[in-house]
Every structure is written in structure tokens, then in C-alpha cells.
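Down below is the structure, laid out as C-alpha cells.
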Amino acid sequence: MIYKMSQTKTNYKEWSKWYDIIYNLIPTNDLDFYKSFMTPKTKQILEMGIGTGRVSLSCLQNKVNWIGVDDSQDMLNVCESNIKTKQPLKGIITLIKDDMKKLDIREKNNTMNNKLHDLVIYPSYSLMNAGTENNQTKALCIGSKHLKKDGLLIFDLHNPNLYKPAEKYSSVVKKILNKQSYEIFSKSEVDYKKRIHKNYLKLKVNDLSVELFSIENFLYIEDVIRITDEIGLEIIDIFGDYHKSQYDENSNEIIFICKKRKFY
């Protein structure tokens, strides 16, 4: 499968087939990070971009109600299958097919009040997949609308300062997984004016070769500071990795921990 440079959308149908394998080959080490923000008082969690359930199924704790949102039915189908293999679950996972920019979960069907959560997360760079800055702002507004006044909202971004455009594929990782030989190659394009990062992955599984494409709209840290201020979120911490190292310009990630701003 060949992707033209004009490709404008991530093919989630194709990604859903290989998503879990790729994360096993290139782990992000973010699961303990998210677990660290779950206290005994954390009972309601909203995950924007649940994908195949990688985070929820690893972090779900007793008596937690976890709502997972995704607008890709293919991803949700894999997630449902993964949930079945993990039964019985410690808590409850509810899957919703919807756009994170338009989500409206009510406390009850006949009420105007949104269902509020102790923790709202956008893991695996899902906010970057929401589209333009305007769309990412809408997605954060929706998350804030479903956040309790003392809750936390967390999202991660790639650090665009470290993007390295590459026209040719280079090897990223080579591993044996479940007695199968896997190798991942990648190349990328960056449009700094439109703030778009296009990533091309080639996955070789024994004699099979699969090509995957993803597109992300990136933000700089000053953009996020401005956006969160505009929508009433207060940034209480910024980390540069999932070990909670403080962010600097050489950090791989930019991870924001936010809460609703108090108005007096």
C-alpha cells in the first residue's frame, strides 16, 4: 500500500490491526504515569481516544467507572475484543463511539447537567489527532466540561522541537515477539507553517510488509498555555516524560496536568 504525500487522514482501520503489536514493540512506558494520578477517591474516568483499550485495561482499578471515547469503530471493535479477553474486570468500562470535539455525556437522559469525572485523559497523543488548533481547543473544552471542579485533565504531545524530517525509511526497532520476527521502519514529513507532522511506518512481519500512515497537528508549549488560559484551565505541571521529569526544550514529550481555574 503506497501513500501519497497528499494523504490527509490517518487510516485507523489499518492501524487497528497492528496498534497493540506496535505498542509492544515500541512501549511508551506511560501506564504507571496514569496510574499515579488514580487515588482511592478516583471513581469516574473519561478517556478521550481509548483506541484498543491499551491504557484502560492496564490501569482500571476496583469500583472505577471508565468511559472510553473513540470515533473509530475499527478501534472500538478491537477494544471490545480485548475487554472480553480480560474478563472479569476490576471496574466498569463503557465504550462510546463519538467525536471528542462534540461529546456530550449527560448525568441522566433528561437533564442538562453533564456527567463529571475525577480524571479526564487524552493519552497516546490523541489530542494531536483531533485536527487543527481550533479543533484541539474544542476537544479540550469538551474535556473541561466533563471534569469535576477538583478533577485533573491530562494530555500529552510530541515535542515538535525534536521533529526530524526524513525522506527515506530508517530502522526503528527489531524484535522477536511471540516467536515472530518484527521490524519497524519510519520516515516523516513536517510542515512547520501548517503545523502538521506526517509519519510513515513500515512494519515487516517475517515475509509480510505493511505500510501505515498517521497525521498529527502539533502545538508548541506557548500555544497550549494560551489555549488553556482562554478556556479556563490552569496548568499545574508540565512534564517532559512519563517519569515526571520537568520539561525542557530537549524533552521527548510535553505532558500537561491541568485543573479547572477557580473564579472568585
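The values are calculated or read from the model by the stated rules, or taken from the named source; none is laboratory data. All values derive from a computational prediction rather than experimental measurement. Neighbour counts run over all protein chains shown; Cβ positions are idealised from the backbone, glycine included.
When the strands (runs of 3 or more DSSP E) confined to the range 181-264 are screened for residues that are closer than 24 Å to G143 by Cβ and either in contact (Cβ under 8 Å) with a residue 60 or more places away in the chain or of a type in the set (D, E) (or both), those reaching at least 3 such residues are found at 208-217, 233-239, 253-260. With respect to D156, determine if the residue is at pLDDT 95 or above and either in contact with a Leu (Cβ under 7 Å, 6 or more places away or on another chain) or under 22 Å from T42 (Cβ atoms) (or both). Considered against the rule, which asks whether it is at pLDDT 95 or above and either in contact with a Leu (Cβ under 7 Å, 6 or more places away or on another chain) or under 22 Å from T42 (Cβ atoms) (or both), D156 comes out as yes. Scanning the range 153-176 for residues that are farther than 30 Å from E234 by Cβ and either part of a loop (DSSP other than H, G, I, E, B) or touching a helix residue (DSSP H, G or I) at 6+ places or on another chain (Cβ under 6 Å) (or both) yields K164, P165, V173, K175. The residue of the range 224-251 that is farthest from K145 (Cα to Cα), among those that are of a type outside the set (A, V, I, L, M) and surrounded by 16 or more Cβ atoms within 10 Å (Cβ to Cβ), is S251. When only residues in the range 96-126 that are under 19 Å from the mean Cα position of the chain (by Cα) and among the hydroxyl-bearing types (S, T, Y) count, which is surrounded by the most Cβ atoms within 10 Å (Cβ to Cβ)? Checked the range 96-126; the qualifying residue surrounded by the most Cβ atoms within 10 Å (Cβ to Cβ) is Y122.
Quick check: is even one residue across the range 39-51 without any contact (Cβ under 8 Å) to a residue 60 or more places away in the chain and under 18 Å from the mean Cα position of the chain (by Cα)? Yes: the range 39-51 contains one or more residues that are without any contact (Cβ under 8 Å) to a residue 60 or more places away in the chain and under 18 Å from the mean Cα position of the chain (by Cα). Checking each residue of the range 86-95 against the condition of being part of a helix (DSSP H, G or I), crowded, with 17+ Cβ neighbours inside 10 Å and touching an Asp or Glu at 6+ places or on another chain (Cβ under 8 Å) gives no match. Considering only residues in the range 252-264 that are hydrophobic (A, V, I, L, M, F, W, C) and in contact with a strand residue (DSSP E or B) (Cβ under 6 Å, 6 or more places away or on another chain), the one that is surrounded by the fewest Cβ atoms within 10 Å (Cβ to Cβ) turns out to be I257. Determine, yes or no, whether I26 is within 22 Å of Q136 (Cα to Cα) and touching a strand residue (DSSP E or B) at 6+ places or on another chain (Cβ under 6 Å). No, not satisfied.
For the list (1) at pLDDT 95 or above; (2) assigned to a loop (DSSP other than H, G, I, E, B), I need the number of the one condition that S56 fails. Result: S56 fails condition (2) only.
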